[in-house]
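Since the structure comes first, as structure tokens, the remarks are kept for the end.
Each value in this text was obtained by applying a stated rule to the coordinates, not by laboratory testing. This is a predicted model, so every value here is computed, not measured. Here the Cβ positions follow ideal geometry from the backbone for every residue, glycine too, while neighbour counts run over all protein chains shown.
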Amino acid sequence: PPRRPSVLGFAATWMSIRRRIAENRSALPYEPRTCVPWRGIDVVVIAVFYIGVQGLSVIAAMRIAGIDPGSVDVGTAMHTPEILLALSLANLVAATFVIVWLRLVRVVSATELGWGPGRLGTDISIGLLGLLAVAPPVYVLQGTLSYFFPVSHPIINSLQRDGDSLMFAVATFAVVVAAPVVEELLFRLVLQGWLEACEPRWRRLVPQLGRWPRGCLPIVISSTIFAAMHIGAGPAPIPLFLLALVLGYLYRRTHRILPSVVMHAGFNATGMVMLGLQLASSSGAGS
């Protein structure tokens, strides 16, 4: 029963997209804007802060919990509820840093930060429609690849090994709230936004890039880096690359960040629901 609405939503969404294309209209109207004012050095500073605050949060959480990094498997310890919560808070701190840095250093406006005043309902709808369009094929691809390659995600492994309600709640907060917010700010707003600003210069220097549709290269580059960040989680980078292409497309067409955040959070929430049902089924079978 839960699958039927999602299948119908997927079919209806793609029928609408196909109709727009047949009418020579784009799947999503393009909303132009001026190039973002931040530079490559800003991207580097933000990336270093993001990595650093995550590392410091893990060290601090392990010390508070009395865990000696030298006496435990750090990969396993990093996915206890305490440390997973610390990483989530670190992500929210990094997201705040992105906004504060760009506002103070580059004096950007709310619009340049990807916020559309009065567009809340529209942006949520775009994100949900994007989710309906891409989630089924991404999950089918992920399921197909899992038959040929072992799936290994530290959070999933922790929940399957010794997860309880607290661990599941913290993991849900981490992957549905904290991760989508910071990752969309980093990969779509900061990185893809900067790459879009660089693209005209690239096209002048390398005429062959004119064969690519405008905006395509920044989406591909940011999506590749996003997928590469998930290396080590089995075949996950492949379907996540497909997901990231659509996230990048939403940002490119709207130049607002909320549609991508909603779609990303919805995708992760769907995964957590399926994982919860799987764990409940396994627990029931075991008892």
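Tabulated data
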read-out: Efficiency of FRET between ARG33 and ARG103 - r from beta-carbon atoms, R0 25 angstrom, step 0.05; value: 0.90
read-out: Largest-first ellipsoid semi-axes for segment 117-270, taking √(5λ) over the Cα gyration tensor eigenvalues, angstrom; value: 29, 19, 13
read-out: Relative intensity, log₁₀ I(q)/I(0), of segment 177-227 from a Debye sum that treats every alpha carbon as a point, q = 0.25, 0.30, 0.31 Å⁻¹; value: -0.90, -1.11, -1.15
read-out: Net charge of Cβ neighbours under 9 Å - reference ARG256; Lys, Arg +1; Asp, Glu -1; value: -1
read-out: Ranked by how many other beta carbons lie within 10 Å on average, peptides 252-260, 93-101 from highest; value: 252-260, 93-101
read-out: Relative intensity, log₁₀ I(q)/I(0), of segment 198-287 from a Debye sum that treats every alpha carbon as a point, q = 0.11, 0.12 Å⁻¹; value: -0.46, -0.52
read-out: Segment 89-100 - phi-based ³J(HN,Hα) in whole Hz, Karplus 6.51/-1.76/1.60, Gly and Pro as x; value: 5, 4, 5, 5, 5, 5, 4, 5, 4, 4, 5, 5
read-out: Potential extension, ILE231-THR111 segment - 0.36 nm per residue separation minus Cα distance; value: 39.9 nm
read-out: Amide H contacts under 5 Å for VAL36, placed H, 5+ residues apart; value: ALA197
read-out: Cα point-scatterer Debye curve for segment 84-141, base-10 log of I(q)/I(0) at q = 0.17, 0.23 Å⁻¹; value: -0.87, -0.92
